[in-house]
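Okay, so here's the structure we're looking at.
The values are calculated or read from the model by the stated rules, or taken from the named source; none is laboratory data. Just so you know, these numbers come straight off a predicted model, no measurement behind them. Positions of Cβ are generated from backbone atoms using ideal geometry, with glycine treated the same way; all protein chains shown enter the neighbour counts.
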Amino acid sequence: MKSISLLSPAKLNLFLKVINKRPDGYHNLVTLFERINLYDEITLTLNSGSRIQIFCDHPDVPVGAKNFVSQVAWLLKEKFAVAQGVSIHIKKKIPVAAGLGGGSSNAAAVLLGLNKLWQLSLNHQELVNFGKRIGSDVPFFLCDCSWAIGTQRGDAIKKIFLPTKLWHILVVPRIKVYSREVFTRLRLPPKMQLTKKMTDVNMLPALRRNDLSYVGKLLSNDLESTVTQLHPNIIKLKNKLRSLNTLGECLSGSGPAVFGLTDSQRHAEALKSHLAKTFKQVFAVRTV
Ligand code: C5P
């Protein structure tokens, strides 16, 4: 085998509860991940030399050592003393640094691809252990599932089987949000407030019943107030979605991506046409 092409999907967080700060500086959290049909395309090709080369068509994606893909490829190459080089082409469709997990998803795709191409025979847990070192969202993307609960750093994954498929309108404003800054500024709400809506308890039953209105009400993200303090326009964007009859609106990850839950594909696509007049990065997306 000389070459592998992979689709690298994005995710949304239907809820994200921050529990506490850990001694290692990260935060323990509980989140519900949903895999969506917005994909980057990644092609790995063995090259004639021993180098790792990254090619990407997006100006905001670093092709050097800062790139998650480059980090993961070097990690495997050095650990297993792989002589062969690889050229990695990334065709970006997932907005960069948006809270959609694009970089982590790319890293997971490259882990899976290089495991085959370099014939490393790593099992799932070994891949997860490498993935965790690159980013907290990588383990979710290594799991072949539509839904999962993430705990600890968001990197301890429990797959959830749900027959439910949701449609969303997804808008990514052109502002830069840095996860590290958001987590650093975060002031944890008092414990009572944390559990007020019991989101983490009620969300899965609501999804199982396909009770979309209740799912919409339960969407929540503990990072949202910190992000909106930095970028108040995100509140306007949520209000805009609400005025267009979405069933609930929420920030994904540490943003700036905001999504609204819609009751149908038709509604999501109608909103996309409407919002595309104002926003450049608008998508109608569904669970995959
Ligand atoms: O692991 P990831 O690349 O997603 O993390 C980016 C930054 O977000 C980390 O450097 C850390 O400051 C913060 N973070 C955190 N707790 C988490 C995940 C991320 O504090 N569970």
If I filter the range 186-210 down to residues being modelled with pLDDT of 95 or more, over 27 Å from residue 230 (Cβ atoms) and touching a helix residue (DSSP H, G or I) at 6+ places or on another chain (Cβ under 7 Å), which single residue comes out as surrounded by the most Cβ atoms within 10 Å (Cβ to Cβ)? 207
Quick one: would you say residue 116 is part of a helix (DSSP H, G or I) and surrounded by fewer than 21 Cβ atoms within 10 Å (Cβ to Cβ)? yes
Does residue 246 count as within 16 Å of the ligand (Cβ to nearest atom) and farther than 26 Å from residue 158 by Cβ? no
What single numbered condition from (1) touching a strand residue (DSSP E or B) at 6+ places or on another chain (Cβ under 7 Å); (2) more than 21 Å from residue 120 (Cβ to Cβ); (3) away from the ligand (no atom under 12 Å from the Cβ) fails to hold for residue 64? (1)
Do you know which of the residues in the range 124-162 that are among the hydroxyl-bearing types (Ser, Thr, Tyr) and more than 23 Å from residue 67 (Cβ to Cβ) is surrounded by the most Cβ atoms within 10 Å (Cβ to Cβ)? 146
Are there any pairs with C-beta distances below 7 angstrom linking a residue in the range 216-238 that is assigned to a helix (DSSP H, G or I) to a residue that is at pLDDT 95 or above and charged (D, E, K, R), with the two at least 6 apart or on different chains, and if so which? 226/185; 238/249
Picking from 129, 115, which residue would you name as being away from the ligand (no atom under 14 Å from the Cβ) and free of Cβ contacts under 8 Å to residues at least 12 places away in the same chain? 129
Unique match (being out of contact with any Pro (no Cβ under 6 Å at 6 or more places or on another chain), assigned to a helix (DSSP H, G or I) and among the β-branched types (Val, Ile, Thr)) among 72, 86: 72
Would a scan of the range 54-75 turn up a residue that is surrounded by 21 or more Cβ atoms within 10 Å (Cβ to Cβ) and farther than 20 Å from residue 38 by Cβ? yes
Inside the range 219-259, the number of residues satisfying the requirement of being β-branched (Val, Ile, Thr), closer than 14 Å to residue 183 by Cα and touching a Lys or Arg at 6+ places or on another chain (Cβ under 8 Å) is 1
